[in-house]
Amino acid sequence: MGSLPNPGELSPPPSRPPPPASFDEFQRQTSLMTSCTLLWKELSDHFSSLEQDLQKQADALKAKLQALNSETQTSLKVLDNRESTISKTMSMAFESLEKATKSSISGALSEDLTMCKDGDQNEESEVDNSEGLFLKLKSFCCKFAAKDFWDFITARKKELELLRSELPKALSDCVDPPRFILEAISEVFPVDKRNVKIDRNNNNNYNFSNDLGWACVLLLESLIPVMMDPVLGKERMLVTPTIKGKAEEIADTWKKSLDERGGIENVKTPDVHTFLQHLVTFGIVKKEDVDLYRKLVVASAWRKQMPKLAVSLGLGDKMPDVIEELISRGQQVDAVHFTYEVGLADKFPPVPLLKAFLKDAKKAATSILEGPNNSGRAAHLAAKKEQSAIRAVLKCIEEYKLEGELPSENLKKRLEQLEKTKSEKKKSSASPPAAKRTRASNGGPMPPAKAGRSTNAYVSSFPPPPTFIRSPSHTQYPSPVPPYPTSPAMYGHGSRSPSYAYSPEATGPTLVGTYPGTPVNYISYGMAPAYPQAYY
C-alpha cells in the first residue's frame, strides 16, 4: 500500500504551462525572416546578373571568334585567289610588255620613214581631233620621250578633258608607264627646277613660271588604271619594288622641302594636291604621317578632289574632326562636300551649314562696305564676295538635291540683282562718246575728217609731249575765249562734253575754257578725248 501523505508536510505546487511569447519577440522574428528573404533575393539577383553578364561576354567572344574565322577564311580565299592569278597576271603583263616593245620599235621606224619622205610636218595638224591626239601621245610613250611628252601636255591645258580620256590608252602602250610618268613630271615635282632661272629684267626676283600642278595631277591620275592588276583591279597595283622605292624617295624629298617653302600654311595648293595624289597613285601612304596628311587636306580642302583623296589616305576615322575644323574656319561649303563623301550628313546637316556660310559672306560684304576706305573698288569686292558665296551654295543645292530643304529661288533673285547692279555701275563709269564735229563758232570751215585722230590708242592722264603739237600761228589771246551756247539735249540728259573752237592752222581743236595753246589729246577715232580729270 502506498504511504499516506504526511499532513504536516507541504505539498509541491502544481506545474504551470510556459508563458506565451511576447509580441515584441514575434516582430523580431518577423523582421529577421524579412531580412533573410531580402538578402536571399538580392543575392539571387546578383548571381543572375553575373550569370547574364558572363553569358553576354561568352556570346560576344563567340561572335568575335566567328567573325575572325570568317575574316580568316576570306583572307585565305583572297590569298589563294591572288596566288592563283599571279601566273595569269604575269603572262598578261609579259604579253603587254611585248606588245608595247613591238609598238615602240615599229612606231619609231615608221616615224623615221615618214620624216624621211615628207620632211618636217606641222604638229598642230596631227592633233586636231581625239584620234590625232591619241596617236601623238602614243608616239611619245612608245619612244619614251618624257621631256617632249611633258611639253606637249603642258601646252594643252584647254584640252584637259580630252587628255584625260586619251592618256590612259596611250600610257598602256608604254614599256614602263610609272617610270615614264615620274621622269616626265620630274621638272616640277618634287621640286620645281624652273625656279633656278634668274629673271634678267629683275635681279631681285626669280622667274617663277606658270603653275603646272594640274598637269602632274592629271598624269598621276591617268597612271592608276594603267597600273591596276588586269585580273584583280585596284586590289593589286602592278608597281615594281624599284619604282615604289623611287616614289618613296620623291615623297620624302617633298616633305623635307616643306620648311624651305615656309611650312604647310605657305605651300601652294597645286603642290599639295600633286603630293597627295602621288602617295595614292603609288600606294605609299604611311600611318606615321597621318597627321601631316590631315593638315595638308584641311589647308587645301577647297580642292574638288580633296574629299576622295582624304578617304584614300586613310583619314576616314578622322573625318569628323576634319569637318569640325573646316566649320570653325568658316569653310562650311567644303565641310558639306566632305560630309557627303563619308556619309556623315546626319551628324552634320548640310542646310544649316550652307545658311551659316551665306550669313558669314553677307557679314563680310557689309564690313567691307562699312570700312573707312569705302570706295567703288570696295563695293565691287563686297558684291563679288557675296556673288561667289551664292554661286557656291547654289552648286551644292543642285549637286546634293537640297532644293526641298533650301529653296534656291531667292538666292537666284539675289544673284541677278547683284549682277544687274554690277552692270549698271559699269555703264555709269564708262566714258561718254566724243562730241560730233560742228562748225566753228566764227563761221569757219568744218574741221577735216581726220582731225583729232591719233594713231596711238594709249590713254594717258598727262598732256602729250610738245614736240607732237604744232602751236597755232594766230595771235593768242590773254584770256579764254567765251564759249558759244550749245544744244543741251545731247544724250537725253544734257551734254557733259565741253565746247570746242577750231583753229584751221592747229593740228587739233582747242578746248574752249582752257588757256590758249592747251591741246586736247584724242585716244582714237569715235572715242571721247582723254582729259587730265575724269568727268565724274
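The values are calculated or read from the model by the stated rules, or taken from the named source; none is laboratory data. Just so you know, these numbers come straight off a predicted model, no measurement behind them. As a convention, Cβ positions derive from the backbone with ideal geometry for all residues, glycine included, and neighbour counts pool all protein chains shown. Protein only, heavy atoms only, side chains kept; ligands, DNA and RNA dropped before computing areas. Shrake-Rupley method; radii C 1.70, N 1.55, O 1.52, S 1.80 Å.
Structure values in brief
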read-out: Percent RCO, i.e. relative contact order, over region 208-289, from Cα pairs under 8 Å lying at least 6 residues apart; value: 42 percent
read-out: By accessible area with a 1.4 Å probe, ligands and nucleic acids excluded, highest first: order of Leu163, Leu79; value: Leu79, Leu163
read-out: Nearest-0.05 FRET efficiency for Ala378 and Leu43, computed from C-beta distance (R0 60 Å); value: 0.15
read-out: Violating pairs (Cα-Cα greater than 29 angstrom) within the set Lys193/Lys304; Lys193/Lys244; Lys255/Lys385; value: Lys255/Lys385
read-out: Of all accessible heavy-atom area on region 215-268, the percent that carbon and sulfur account for (1.4 Å); value: 50 percent
read-out: Per residue, in Å², the accessible surface of region 306-380 once ligands and nucleic acids are set aside, probe 1.4 Å; value: 53 Å²
read-out: Cleavage-rule hits (trypsin sites (Lys or Arg not before Pro)) in region 242-312: DSSP loop, at most 16 neighbouring Cβ within 10 angstrom; value: Lys268, Lys286, Lys304
read-out: Within straight-line cross-link reach of Lys138, lysines at Cα separation under 16 Å, skipping those fewer than 8 residues along the same chain; value: Lys99, Lys102, Lys147, Lys169
read-out: Rounded if a/c under 1.5, otherwise prolate or oblate - region 141-199, Cα gyration tensor axes; value: oblate
read-out: Hits among aspartates and glutamates - C-alpha to C-alpha of Lys246 under 12 Å, sequence gap 8 or more where chains match; value: Glu183
read-out: Gyration tensor verdict on region 233-377 (Cα atoms; rounded if a/c is under 1.5, prolate if a/b is larger than b/c, oblate otherwise); value: oblate
read-out: Of Ala378, Leu402, Val333, farthest towards positive along the dipole that unit charges on Lys, Arg, Asp, Glu beta carbons give region 300-415; value: Ala378
